[in-house]
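Structure, as structure tokens:
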Amino acid sequence: KTIIYGNQSGGGPFSGIALAINKANLTIRNISVSKGTEAGQGVLRYGIYLKSSQYNVIKDIIANSNYYGIYLYSSGGVYSYSNFSNINANNNIIGIYIDKFHQLNFNNITANNNSDTGIYFTGSSDNTLNNIIANNNNNYSIFLEAFAANNLINSFSTNYGGKGVFIDSAYLNSFTNGIINSSSGNAVEISTNPANDNVFTNVTLINTNK
């Protein structure tokens, strides 16, 4: 079991660099990381980057002012069985990007003031998100695409910024106990098939412009 931790908000051993990890059974906690740049890539900046990684605990993280605050990637899809809690992913281009990762649990997540999207799912299924705040993101607060399915998003708030929730070729996702407030476009927009059987329960839509 690997434990990575730090209590620094700036200048510490894991502050201002990317954590690029292809390993299982990690505990990452009490980390502040900003403007991380993956070696040799220049513009591809990650706060925390996990590739095909399983059985992890990631908590008490500040991943601000990166290109991606948190980037989870698997080329063929991985059932990660990992837990994320108390995550701040603010002032990035994209706060949290989840690409073909399955079986993730997120609790107490803030993804605010990102210049593109707060939380972005592509090809990722069977994930659970609780207590989500995604405010003032310029493009989308929550974006699901490419057969993202069976994701449960509970107790969430999106406020102002661009569009609220965008669903493109994603299905069987559930949104419960939330507020979607969009200042431009639709509060919820569903594009192309299959985008069926997405369920919204006890969700309030505000400022739907179209």
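The values are calculated or read from the model by the stated rules, or taken from the named source; none is laboratory data. Here the structure is a predicted model, which is why all the values come from computation and not from measurement. Positions of Cβ are backbone-derived with ideal geometry, glycine not excepted, and every protein chain shown enters the neighbour counts. For accessibility, only protein heavy atoms count, side chains too; no ligands or nucleic acids. Shrake-Rupley method; radii C 1.70, N 1.55, O 1.52, S 1.80 Å.
Brief remarks follow.
- Residue match in segment 105-125 (condition: among the acidic types (Asp, Glu) and either in contact with a Leu (Cβ under 9 Å, 6 or more places away or on another chain) or under 19 Å from Phe175 (Cα atoms) (or both)): no
- Screening segment 1-87 for strands (runs of 3 or more DSSP E) wholly inside it with 1 or more residues that are at pLDDT 75 or above, under 21 Å from Asn113 (Cβ atoms) and not charged (D, E, K, R) returns the ranges 26-33, 46-51, 57-63.
- All positions within segment 83-96 that are buried (at least 21 other Cβ atoms within 10 Å of the Cβ) and farther than 25 Å from Ser183 by Cβ: Phe84
- The condition of being open to solvent by 10 Å² or more (accessible area, probe 1.4 Å) and within 11 Å of the chain's Cα centre (by Cα) holds for only one of Asp99, Asp126, that being Asp99.
- Residue within segment 116-133 that is at positive phi and outside any loop (DSSP other than H, G, I, E, B) present: yes
- For segment 60-76, taking the residues that are open to solvent by 30 Å² or more (accessible area, probe 1.4 Å) and more than 14 Å from the chain's Cα centre (by Cα), the one that is nearest to Asn137 (Cα to Cα) is identified as Ser65.
- Restricted to segment 144-167, and to residues there that are outside any strand (DSSP E or B) and open to solvent by 10 Å² or more (accessible area, probe 1.4 Å), the residue that is farthest from Tyr68 (Cα to Cα) is Asn150.
- Among (1) at pLDDT 90 or above; (2) hydrophobic (A, V, I, L, M, F, W, C); (3) in a loop (DSSP other than H, G, I, E, B) - the single one Ala195 does not satisfy: (1)
So that you can scan it fast, the table gives a plain yes or no per residue for (1) assigned to a loop (DSSP other than H, G, I, E, B); (2) surrounded by 18 or more Cβ atoms within 10 Å (Cβ to Cβ):
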site: Asn114; (1), (2): yes, yes
site: Ile142; (1), (2): no, yes
site: Ile180; (1), (2): no, yes
site: Thr204; (1), (2): no, no
